[in-house]
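Inspection log for the structure reproduced underneath, given as structure tokens.
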Amino acid sequence: MRLLVNIDHVATLRNARGEGYPNPVDAAKICEQHGASGIVFHLRGDRRHIKDEDVFALKDAVTGTLDFEMAATDEMIQILAKVQPHLCTLVPEGRLELTTEGGLNMKAVFEDFKSRVFPAIRKHPIEISLFLDPNPEDIELAHQLGTDAIELHTGNYANAADDTLRKAELDRLAKAAELAHGFGIKVNGGHGLNQQNLKPFIDAVPHLNEVSIGHALISDAIFDGLGKTVENYIKIIER
Ligand code: PXP
């Protein structure tokens, strides 16, 4: 199981003052030096955190897995082709949302992904991951598209109001992971994971390949330092 760190919110902090610091590329280097297996960024249509120039600087600096999280727009696919990251995670994107609010609605996007998105990305040696809620129907459709990986949306687990709901979400995630793994699809997970809920998640959900963690990890780093925080998350994964 590998930790990928999402560094979007280093850029959020930088952009709050319009200065050149903190620099997401410096953050990425520290994460990798302290054991992260790679870096995730989300270039949003509105460029609210990561900017185009960050993307190319990250491509030059990151030595492990580089995961380009994006909406499946023609604009993003063109940038993806220039950047050539290892992995492309496709997510739904709402203009007014504070963060990605859920997985892709595979029924709604299936035809478009089949005819436009997958053929365009498949011209490149870039793995495709689809960000999905733990629904069997979505996973079946992802399999029909021939995705390399899925990233299970852990937001409902992270936000569950009580133990019963939390347990129910873990069960759904575990079943979804089994189904995807049975199809030969790699299983990643992310959204809302933190130092409290990470361990129960990885204990309950089989076949996990990577977790992608951003907001909580960058927040913890304000108090503990980025390198130490990355090490703390890796200790949880390895425990
Ligand atoms: N995975 C995906 C697909 C996401 O959209 C996000 C948020 O940008 C994350 C993981 C990381 O979520 P968080 O910032 O809550 O750790």
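The values are calculated or read from the model by the stated rules, or taken from the named source; none is laboratory data. Predicted model, so just to flag it, every value in this text is computed and none were measured. Methodologically, a virtual Cβ is constructed for each residue, glycine included, from the backbone with ideal geometry; neighbour enumeration extends over all protein chains shown. Accessible surface areas use protein heavy atoms only, side chains included; no ligands, DNA or RNA. Shrake-Rupley method; radii C 1.70, N 1.55, O 1.52, S 1.80 Å.
Just to be sure I understand, how many residues within the range 127-141 are open to solvent by 60 Å² or more (accessible area, probe 1.4 Å) and either within 16 Å of the ligand (Cβ to nearest atom) or under 20 Å from T100 (Cα atoms) (or both)?
Of the residues in that region, 1 qualify.
Only one of (1) open to solvent by 10 Å² or more (accessible area, probe 1.4 Å); (2) in a loop (DSSP other than H, G, I, E, B); (3) not β-branched (V, I, T) fails for A120. Which number is that?
In the conditions (1) open to solvent by 10 Å² or more (accessible area, probe 1.4 Å); (2) in a loop (DSSP other than H, G, I, E, B); (3) not β-branched (V, I, T), A120 misses (2) alone.
Restricting attention to the range 142-195, which residues are within 15 Å of the ligand (Cβ to nearest atom), of a type in the set (V, I, T) and open to solvent by 40 Å² or more (accessible area, probe 1.4 Å)?
The answer is none; no residue qualifies.
Scanning the range 201-218 for residues that are among the small types (G, A, S) and without any contact (Cβ under 8 Å) to a residue 40 or more places away in the chain, which turns out farthest from A158 (Cα to Cα)?
Of everything passing the filter in the range 201-218, A204 is farthest from A158 (Cα to Cα).
Considering only residues that are of a type in the set (S, T, N, Q) and either within 14 Å of the chain's Cα centre (by Cα) or closer than 26 Å to T73 by Cβ (or both), which ones fall in the range 24-48?
Hit for the range 24-48 is S37, nothing else.
Please name all residue pairs, on different chains or six or more residues apart, with Cβ atoms under 7 Å, provided the first residue is in the range 90-108 and is in contact (Cβ under 8 Å) with a residue 40 or more places away in the chain and the second residue is open to solvent by 70 Å² or more (accessible area, probe 1.4 Å) and not hydrophobic (A, V, I, L, M, F, W, C).
Close Cβ pairs satisfying both conditions: R95/D46.
Just checking, which of K59, K51 is open to solvent by 60 Å² or more (accessible area, probe 1.4 Å), touching a residue at least 40 places away in the same chain (Cβ under 8 Å), more than 16 Å from the chain's Cα centre (by Cα) and under 18 Å from N6 (Cβ atoms)?
None of the other options fit; the residue is K51.
Matching residues to (1) in contact with a Leu (Cβ under 6 Å, 6 or more places away or on another chain); (2) under 16 Å from I218 (Cβ atoms); (3) more than 14 Å from the ligand (Cβ to nearest atom):
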{"site": "H42", "(1), (2), (3)": "no, yes, no"}
{"site": "R48", "(1), (2), (3)": "no, yes, no"}
{"site": "A61", "(1), (2), (3)": "no, no, yes"}
{"site": "T73", "(1), (2), (3)": "no, no, yes"}
{"site": "M76", "(1), (2), (3)": "no, no, no"}
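Can you tell me which residues in the range 202-227 are of a type in the set (A, V, I, L, M) and within 16 Å of the ligand (Cβ to nearest atom)?
Passing the criteria: I202, V205, L208, V211, I213, A216, L217, I218, A221, I222, L226.
Is it true that T147 is farther than 22 Å from A36 by Cβ, free of Cβ contacts under 8 Å to residues at least 40 places away in the same chain and touching a strand residue (DSSP E or B) at 6+ places or on another chain (Cβ under 8 Å)?
Yes: the conditions hold for T147.
What are the residues in the range 145-196 that are in contact with a Gly (Cβ under 6 Å, 6 or more places away or on another chain) and within 19 Å of R2 (Cβ to Cβ), if any?
Correct list: E151, L152, H153, T154, H191, G192.
If you go through the range 103-112 one residue at a time, how many are in contact with a helix residue (DSSP H, G or I) (Cβ under 9 Å, 6 or more places away or on another chain) and either open to solvent by 80 Å² or more (accessible area, probe 1.4 Å) or within 16 Å of the ligand (Cβ to nearest atom) (or both)?
Qualifying residue count for the region: 6.
Taking S129, is it in contact with an Asp or Glu (Cβ under 6 Å, 6 or more places away or on another chain) and under 23 Å from K82 (Cα atoms)?
For S129, the condition - in contact with an Asp or Glu (Cβ under 6 Å, 6 or more places away or on another chain) and under 23 Å from K82 (Cα atoms) - is met.
Which number in (1) within 11 Å of the ligand (Cβ to nearest atom); (2) of a type in the set (V, I, T); (3) farther than 28 Å from E53 by Cβ marks the one condition that T100 misses?
(3)
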